Amino acid sequence: MASMLDSSVVILTGAGISAESGVRTFRDNDGLWEEHRIEDVATPYAWESNPELVWRFYQLRRKQLLEVEPNPAHFALTKLEEGVNKFTLITQNVDDLHERSGSSNVIHIHGRLRTLRCEFSGENEERMKGKDLVEDFLFCNCCEKVNRLRPDIVWFGEVPMHMEEIYESVENCDYFLVIGSSGHVYPAAGLVNVAKSNGAKTILINSDSPANAFAFDEIHLGKAGEILPDLVKSWLNE
Ligand code: NAD
């Protein structure tokens, strides 16, 4: 098989890559995300039945972006991007740590915290100024008669974003790497099978063995921030 340098490499990251930056995952906390049941904060039903709770939850997650920094695992991926022939970074994360560590063209399959989405038009807008991080609901700039904004997040039961582009890159890659994902959330967790059945080498970096561990050719157990920088050096023959 060609070395990674001459190859097309696709990465899928999950909440685990941001754990060492201080952003909590949810599978590590008994299925709770920052003390909340997923059903209460990350479903369209939750937004319909208790929008105040859902709004406050995401405003806190959005504010937290101002307090956290990318960690060595994020920077290792920036270096890998510079060294290989073709690089695609897909993330399940809604934080902005990949962008802030210098990765380009990050594909956010589950949406982003930095943007908010008009409930009427579906347009999103970047809203990260101090006045955008308040507890009160916010309203859009896109409609003549303003409409309420919702988090620009793909909730459970909603359609993930950019799937056409994602399948195209996963089907055609030589290496498929998953970093910090529990392998429970589909369709993201199934992408490794798509890559493998198209002949890619599949590699996992995670702190414990995830639900879909059987689908990987190579597994590196440990904290991404501690082991990924050296792995990247070896892949780049440094
Ligand atoms: P998850 O929380 O289900 O699983 C995280 C995985 O990372 C676990 O298997 C855990 O063992 C592993 N892990 C924890 N610390 C690690 C470390 N330092 N190094 C390597 N691995 C580590 O995450 P998921 O599979 O991404 O699914 C979570 C869903 O929740 C996603 O849809 C995501 O949008 C959302 N979420 C996002 C964030 C974020 O943006 N940072 C945070 C929490 C949840």
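The values are calculated or read from the model by the stated rules, or taken from the named source; none is laboratory data. Keep in mind it's a predicted model, so treat the numbers as computed, not measured. As a convention, Cβ positions derive from the backbone with ideal geometry for all residues, glycine included, and neighbour counts pool all protein chains shown. With ligands, DNA and RNA removed, areas are computed over all heavy atoms of the protein, side chains included. Shrake-Rupley method; radii C 1.70, N 1.55, O 1.52, S 1.80 Å.
Before moving on, here are some points about what is shown:
- Scan of region 126-162 for residues that are within 23 Å of residue 40 (Cβ to Cβ), touching a Cys at 6+ places or on another chain (Cβ under 9 Å) and open to solvent by 30 Å² or more (accessible area, probe 1.4 Å), ordered by number: 148
- Condition met for residue 78 (polar (S, T, N, Q), closer than 30 Å to residue 175 by Cβ, touching a strand residue (DSSP E or B) at 6+ places or on another chain (Cβ under 6 Å) and surrounded by 15 or more Cβ atoms within 10 Å (Cβ to Cβ)): no
- The set of residues in region 12-60 that are at pLDDT below 95, open to solvent by 50 Å² or more (accessible area, probe 1.4 Å) and under 18 Å from residue 185 (Cβ atoms) comprises 24, 27, 28, 30, 32, 36, 37, 39, 40.
- Some residue of region 25-38 being hydroxyl-bearing (Ser, Thr, Tyr) and either closer than 17 Å to residue 150 by Cα or in contact with a His (Cβ under 8 Å, 6 or more places away or on another chain) (or both): no
- On inspection, residue 34 fails the criterion of being at negative phi and not hydrophobic (A, V, I, L, M, F, W, C).
- Evaluated against (1) farther than 15 Å from residue 23 by Cα; (2) surrounded by fewer than 16 Cβ atoms within 10 Å (Cβ to Cβ), residue 67 falls short on exactly one condition, (1).
- Residue check, residue 89 under 25 Å from residue 167 (Cβ atoms) and either open to solvent by 40 Å² or more (accessible area, probe 1.4 Å) or in contact with a strand residue (DSSP E or B) (Cβ under 9 Å, 6 or more places away or on another chain) (or both): yes
- For residue 91, the conditions (1) over 17 Å from residue 155 (Cα atoms); (2) within 18 Å of the chain's Cα centre (by Cα) all hold with the exception of (1).
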